[in-house]
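The values are calculated or read from the model by the stated rules, or taken from the named source; none is laboratory data. Since we're looking at a predicted model, the values are computed, not measured. Positions of Cβ are backbone-derived with ideal geometry, glycine not excepted, and every protein chain shown enters the neighbour counts. In case anyone asks, the SASA skips ligands and DNA or RNA and just uses the protein heavy atoms, side chains included. Shrake-Rupley method; radii C 1.70, N 1.55, O 1.52, S 1.80 Å.
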Amino acid sequence: LSDAGGGPQPCNGADIAEPFGVLDLADIAGFTTAFTGQQPAADLAAPFGVYDLADLAAFVTAFTGGCP
């Protein structure tokens, strides 16, 4: 995926670190940092504003689903 300027965009909720379109250790590290810091990048599941196991499960599901 790309934006209007042609730059790559995240392929799913787990694709939070560059390079976008590739799920790798940078995405895992980024999610871990965001989750422990209670940052919006890790708030992937309801109830939003709460950082819990639902967010972790949503990340794992998106990550294992891969990028198209």
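Filtering 31, 20 for residues that are of a type in the set (Phe, Trp, Tyr) and in contact with a Pro (Cβ under 9 Å, 6 or more places away or on another chain) leaves a single hit, 20.
If you go through the range 18-43 and keep only what is touching a Phe, Trp or Tyr at 6+ places or on another chain (Cβ under 6 Å), closer than 30 Å to residue 6 by Cβ and not aromatic (Phe, Trp, Tyr), you end up with 23, 42.
Please specify each residue of the range 33-57 satisfying the condition of being in a helix (DSSP H, G or I) and open to solvent by less than 70 Å² (accessible area, probe 1.4 Å).
Going through the range 33-57, the residues in a helix (DSSP H, G or I) turn out to be 33-36, 40-42, 53-57.
Scanning the range 33-57 gives 34, 35, 41, 42, 54, 55, 57.
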